[in-house]
Structure formats: C-alpha cells, structure tokens
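Data first, discussion second: the structure below is written as structure tokens.
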Amino acid sequence: MKLFEQNYKKQDRKEHVSEATFIPVMTLSVIAITFLVGIWSVKELSDYKTEVERLELNFTEKQKQVTRNEVENSFKYIKYLEKNTEKHLKKTLQNRVNEAYLISTNIYERNKYKLSKQQIIELIKDSLKPIRFNSSRGYYFIDHIDGYSVMNASDPSAEGQNILDYQDAKGNYFIRQELEIAKTVGSGFFEYYWKKPNQKDNAQYPKVSYIRYFKELGLIIGTGEYMDNVTKDMQVQALERMASVHFGKEGYLFVNQRGNPLLQRWKYYESAKKLTAEQLNSLPLTDEEGDTTYFNDVHLQLMNKNQIGGFYYYNYRKPNSQDVTKKFSYLLYFKEWDWTIGAGVYLDELDEKIDEKRALLIRELTTELFRILSISTLLIAILWWRLRKVATGITNNLQEFSSFFDTASKEHVKINRDRLAYAEFDQLADLANKMLDERENDKRKIIEAYHEIQTSEEELRQQSESLIMTNQKLEEAMNEVKAAQVQLINSEKMASLGQLTAGIAHEINNPINFVTSNVLPLKDDISDIITLLNACNEIVNLYEKGEDIADKIKEVNALAEEIEVDILTDEIKQLIHGIEEGAQRTKEIVLGLRTFSRLDEDTFKFANINEGIASTITILNNKAKKKNVEITTELDTDLPDIECLPGRINQVFMNIINNAIQAVKDDVGQIHVATHYTEGDQNINITIKDNGYGMPQAVIDKIFDPFFTTKEVGEGTGLGLSISYGIIKQHGGQIMVSSKPETDDNKDSFTEFSILLPIKGKNELEKK
C-alpha cells in the first residue's frame, strides 16, 4: 500500500504503477483484442452466409415472379383473344356484307330505269366478284331467293344451278336455312361446313357466314369466314405479341407444341418446327418436386398432377452464345391449342453475384485483420509504457478530488492545483472552482430569468396578433385567386359554347337548305298536276252535260304527255323523300344538342355513354367537315349505362375530340372513337385516337396542367384538358394518354386518350 502512503509535496517525477497492476491489465487487453477479433470474424462469415442465402432467395423469388407474370400475362392475352374473337368476327362479317349491300344499292339506284334486272345483277356480280379481304381468303357469294346460285367463288360451276339440296359435312341443308333467314328477318348469321376456294380435295371446314336480303332484285348477299383461319390468325397474333416481349437480362418467351418450337428466342414460326424424337428427349426437365420429364411430355405431367403450370429446371444454351448453363422456366399448358407457353431465367447471373460477394469478403477480411493486428500491437506497446507512468498520478489525483468534493459540499473552498499531476486534472480543478463561483450567481440568474420570461410573454402576444392579421390577408389573396380561377373556367366554357353555337347553326342550316331547295320544284310539279286535274274535271263536266268529250280527252292526253306524268310522279316522290331526310336530319341534330346540353346537371344519374359520344360528334361534325376529317366510331352495343354527370362527361368528349380535329392534317385526318366493356368488369373503357403529329414525352407530362397549351397566343386557354382531368377524377375514373410523335424517318404518328369510368358512379368531390 505504499502508493497511498506517499507525501503530497510537489515532485519533479512521479512514481510508476506497480508490476502487480500492469501485468493483469496487459494480459486482459491481449485476451480482449483476440476475443473481439474472433467474434468479428465469426460475425462476418455468418453475415456472408446469410447474405448469400438472402441473395439466392431474393433472386430466385424475384425471377420466378417475373417469369410467372410474363407467362400468365401471355396466357391471359390468348384467353382475351378467344373471348373477343367471335364478337369481332361477326362484326367484321356484318360490316363487309353491309359494304357489299351498299355497292349493290348504288348500282341498282343508278340503273333501275335504264337496264333490266338481269343486267343490273350482272353489274353487281362484276363489282363484287373480284373483291377479296382477310389476306385474300375472304370473298362474297350471292344466291337468289328462288334457290339458285348467282355468284359462288368457291364453286363457280354452281352458278345458275339449283342449290336447295346442298348439304354440308354434317348433313345440314344450310342453303334452306339461309333462305329462311332472308325471308323472315332479312339478315343474320348461320353456321355450316363448306370447302375452301381452289381446294383440290373435298374436305369441308367449319364456317360462319352473314347474309343480307336485297329484296328489289331477290338477291341474298353474304360472306363468311372459316373458323380454322380465325384460330390461325389468333395464334399468329399471339405469337407476334409474345415475340416482342423482353424482360430481365436475357429473358424471352417461348412456345412449344408437343415439344416442337413455335416461338423461340424472339422468333416465331407459323407452324411448329418439327424436331426428331431424339431431339425432343435430349432436354430433361426437373420440377420443384424432383420429378423428371421432357418438353414434349410437360402437358401430360401437368394434367396428371391436375396443374395448369409449374416451374422446371434444366440446362440450356444461352442466346447468341455456345455456353450451356443452368436455367429455370415457368411453363403453362394451353389445352385448346395444344401449346406449352413458357419463360425462363439463366442462373449463371446468380453465381456471378455470389462469386463477387465471396471475393469481396475475402479482401475485406484480409485487410481488416492486418489493420486490426497492426493497431492492436501498437496499442499494447503504448499501453505498456503509459500504464506504468500514469497509474500513480491517477490514484493520487482521485484521492485529492475525493477530499475536495467532500469539503466543497459543506463550505466554499477551492482545490489546490499544485497537487495535481496532469493537465486534464488541472482543467477539472478549474471547472470545479468555477462551479463554486457560478453557484453563487445561480439565485441572481434565476430571478433575472423570471423577469425575462414575463417580457417574452408580452412579445409573443404581439407576434400572435401580427400572425392573425397576416393570415387574414392570405385568406383574402386566396379568395381572389379562386375568383380568377372561376373566371378562367367560365371563359373556357364560353369558348366551348361559341364552338357549339357555330357548329349547330351550320349543321341545322344544311338540312334546312336541302328542304327549301326542294320546295320550289315540288310546287312547280304540283302545279302541273293541278293543271292536269282541272282538265280532267272539265271532261267530267262535259260528260255530265252530254257534250262530246273526245277532243277534250285528246287535249288532256297531250297535256299528260307534255308534262310527262310518270317522270313527274317519281320526281315528286324523290323531292318529298329529300324533304323528309332534311327534317329527320334536323331532328337528329336537335336531339344530339339536347343530349349534349346537360352541362349544368349536378346530380349523378344513369346515362348511356354511346349517346353522349354520338351527340358530341354531331355537334363537332361541321368543324370536322371543314378540314375534311373523317370521324369513325366503334361503339360497344353491350355497353351498360353508368352513373355519372352526363353533361360534364360530354364536356370531356367535346374537349378531346375538338383538340383531335385541330391536331390532324386537312384531307387526311382520321379520328377513331371506340367504347368497350367486358362482362364482369367494374369499369367501361373509352378510347379517342387521331393520326395527328403526336406529342413528345415532355408535352405529355404537362398536358393536364392548368394553363399549359401548345397553341398560339389567343387560340387556347390551356384549361380544356385540365378541366377534363378534374371531371374524370371527380367520377373516380382515370384518363391516360399515349402518343407517338412524327419524325423524318417515321410519319406514322398518333395520339390516343384512354378513359376508364366506373359503372357505379361516385362523386369524389363530395367525399372531400
């Protein structure tokens, strides 16, 4: 205990720590450093193992999800094609027959007074016979209501022959079915089996046809489509879409038919590329349960396990390389087409990441171990030297401070700095002495702080009053901004009203002019008829008086020949028909205006979107005609009524279609408006597409911003699309835009707006 029995007088050199204290401290330091290095190394190795497992799991799960999504999306697309093909096919056939019917009507109307019926039929045959569509496999046929063939592209020898007893491969008298449809309803679809044009054998294929009865000539005009061709078109369309899919580093979709490839590495074949039995069995697959199979037997394994799809592992050559590496794929079997659809990921990317992680860990461990050992050796040496020097000084100084604090708690004393060995303790002494001095000032400072708090409370009260006044000014400024916004929106509505008024005035003026232009010749024709009737009345009067009427009859006959009664009668019918068309057109325009004009209705109600689109197009028809722009529609007849604000939805259609008319070129502009609904969906879809110059992405990003416009100053407010966006959001719907701008290399540009509206309307503004 000599260390604690030393005199406290100032010494030039202090004593060292005893060897008994130094050796245990050094030993414990070495053990602690070694133990910490070991723990750190084990932790690093454990973290590496965990990181590798996590990397493997995340990579595998992520890639599985990607491949599964790609395959299932393709599977859904094929299902979508199947679901919508029949409706699209029937609509296409109906449009084709309507076109042929219109051609026949025009030929008949132009020649019905000049040519015989047989000559007109020959003209119709000459017009329709060379027409081909659907990749040149579609054609028209014409049968007569009396049961003989007029035009038959698949069997020209049958023309002019009685075909009532024709039977298809199923024994159905399909010609009689065709005649029954024509006689009862005038048009319709029917199904049967029949051979294809230029076919060498007598095989028959399932076919769907649509016919329409041209009553004036007794002709049944029709066309059809073979279902195997429709299926093939769907398959080619599906393969083309899947061939464009890229994902991941080298991901692609592939399609096999009994192991033979239809789509492979972004290239598809119209028919399966046949492989030998050896090639089909040269690629073994292993599923997640460890069972082995081959590509051509995948569908059997899936059916045996009552599965639609699954993951399989195998080795396969990478694209554009001869390297064979491990790979896993997700496969789905589409039974209707006997297709196996899949997408895969190569696992060498995971191995590369693991190798990089392992190399990085080894470098870090080597570097850190060398650094730790170097620093530890240096620290131990310094510690060995320093411990011996400071041990005594620390012990003495601690005792000095202990004595000081015991005394200072009772009275005001200061520590003697001459008894301290190191500068740190001198600093502590200064702080301790300063603490004693400052303790005396605490009470005074507390009182001063109390007075300062009272002063601060008064200042805070004044600042609060200032903030209230500032807030009132901000509210006034906000009200002014809202008023300006309402004024701008009203300006946009007035601009739309101006367009509406100009279009309606012109549209109504056209049919009215048509009516007025027919009235004058109709009056002249009726005047001639009245003159003839008066002459006939004179004959009756002469006859009643018993006078000779022969001369008067000759006079009346001469008058009848002069005014050409037969031609005059037909002319009167045509003029009256023209007046009826003008009146009907005026009625349609007024009804369209009535449908469109519900702009101020604020109550959600059920409305037909097709009617709103039709009324909007009617209103904008004049503007489109001035630029010779063609507006076509494809409105889903099964579209349900939706709950909405009809007038505001019509305002959206007005803004978008009006912008499209302004965006397209004169004479070649085309705008296509379509509606679509799939049974069971909660929304309907409206698309408006034009072939204008298109927009770059920078414009698309700002297109719905208020006051943003690409038009010249004074031509637009920049509020039309912003208001439309707000209306769609108010209904809980979505509005999206896609565009392809025109370039020097590619003139095929377009802009398409897609709108989703919920069937069950909900006013999002009221929720807020």
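The values are calculated or read from the model by the stated rules, or taken from the named source; none is laboratory data. Please read these numbers as outputs of a predicted model, since none were measured by experiment. Heads up, the Cβs are rebuilt from the backbone with ideal geometry, glycines too, and the neighbour counts pull from every protein chain shown.
Residues in segment 182-228 that are buried (at least 21 other Cβ atoms within 10 Å of the Cβ), without any contact (Cβ under 8 Å) to a residue 40 or more places away in the chain and within 30 Å of K112 (Cβ to Cβ): how many?
So the answer is 1.
Looking at D600 and the list (1) part of a helix (DSSP H, G or I); (2) modelled with pLDDT under 70, which single condition is not satisfied?
(1)
If I ask for residues that are loosely packed, with under 15 Cβ neighbours inside 10 Å, out of contact with any Lys or Arg (no Cβ under 9 Å at 6 or more places or on another chain) and not in a loop (DSSP other than H, G, I, E, B), which ones from segment 92-114 would you list?
Initially, segment 92-114 is screened for residues loosely packed, with under 15 Cβ neighbours inside 10 Å, giving 95, 98, 102, 105-106, 109-110, 112-114.
Narrowing further to those that are out of contact with any Lys or Arg (no Cβ under 9 Å at 6 or more places or on another chain): 95, 102, 105-106, 109-110, 112-114.
Hits for segment 92-114 are N95, L102, T105, N106, E109, R110.
Considering only residues of segment 129-168 that are of a type in the set (A, V, I, L, M) and surrounded by fewer than 18 Cβ atoms within 10 Å (Cβ to Cβ), which is nearest to R212 (Cα to Cα)?
Applying the filter and picking the extreme gives I145.
When you scan segment 242-253, do you find a residue that is assigned by TED's automatic domain parsing to the domain that holds E336, surrounded by 20 or more Cβ atoms within 10 Å (Cβ to Cβ), at pLDDT 80 or above and in a strand (DSSP E or B), even just one?
Looking for residues that are assigned by TED's automatic domain parsing to the domain that holds E336, surrounded by 20 or more Cβ atoms within 10 Å (Cβ to Cβ), at pLDDT 80 or above and in a strand (DSSP E or B), one finds at least one in segment 242-253, hence yes.
Would you pick out the residues in segment 671-680 that are of a type outside the set (A, V, I, L, M, F, W, C) and either under 17 Å from S754 (Cα atoms) or not assigned by TED's automatic domain parsing to the domain that holds D638 (or both)?
H672, T675, H676, Y677, T678
Here are some residues: D638, D690. Which one is acidic (D, E) and surrounded by 15 or more Cβ atoms within 10 Å (Cβ to Cβ)?
From the options D638, D690, the qualifying one is D690.
State yes or no: is K665 buried (at least 16 other Cβ atoms within 10 Å of the Cβ), of a type in the set (K, R) and in the same structural domain as Y725 (by TED's automatic domain parsing)?
So K665 does not fit the description; no.
Looking only at segment 115-174, how many residues end up being in a strand (DSSP E or B) and either among the hydroxyl-bearing types (S, T, Y) or touching a residue at least 12 places away in the same chain (Cβ under 8 Å) (or both)?
Residues that pass the stated criteria total 12.
Could you check, for segment 187-202, whether at least one of its residues is acidic (D, E), within 41 Å of the chain's Cα centre (by Cα) and more than 30 Å from N256 (Cβ to Cβ)? Spell out how you get there, then give the answer.
From segment 187-202, those acidic (D, E) are 191, 201; that's our starting set.
Filter once more, keeping what is within 41 Å of the chain's Cα centre (by Cα): 191.
Now narrow it down to the ones that are more than 30 Å from N256 (Cβ to Cβ): 191.
Yes, some residue in segment 187-202 is acidic (D, E), within 41 Å of the chain's Cα centre (by Cα) and more than 30 Å from N256 (Cβ to Cβ).
Only one of these is out of contact with any Pro (no Cβ under 7 Å at 6 or more places or on another chain), modelled with pLDDT under 90 and farther than 30 Å from S244 by Cα: K129, K90. Name it. Don't jump to the end; show me each part of the working.
Details: K90 fails: farther than 30 Å from S244 by Cα.
Every option except K129 fails the conditions.
Could you say whether any residue in segment 618-627 is at pLDDT 80 or above, outside any helix (DSSP H, G or I) and within 20 Å of S754 (Cβ to Cβ)?
no
Please work out which residue is farthest from V673 (Cα to Cα), limiting yourself to segment 633-657 and to residues that are among the aliphatic types (A, V, I, L, M) and either assigned to a loop (DSSP other than H, G, I, E, B) or free of Cβ contacts under 8 Å to residues at least 12 places away in the same chain (or both).
Going through the qualifying residues, I end up with L645.
Looking only at segment 216-232, which residues are modelled with pLDDT of 80 or more and among the charged types (D, E, K, R)?
Listed by number, the residues that qualify are E216, E225, K232.
Inside segment 203-215, can you point out the residues that are more than 36 Å from the chain's Cα centre (by Cα) and over 17 Å from A153 (Cβ atoms)?
Result: A203, R212, Y213, F214, K215.
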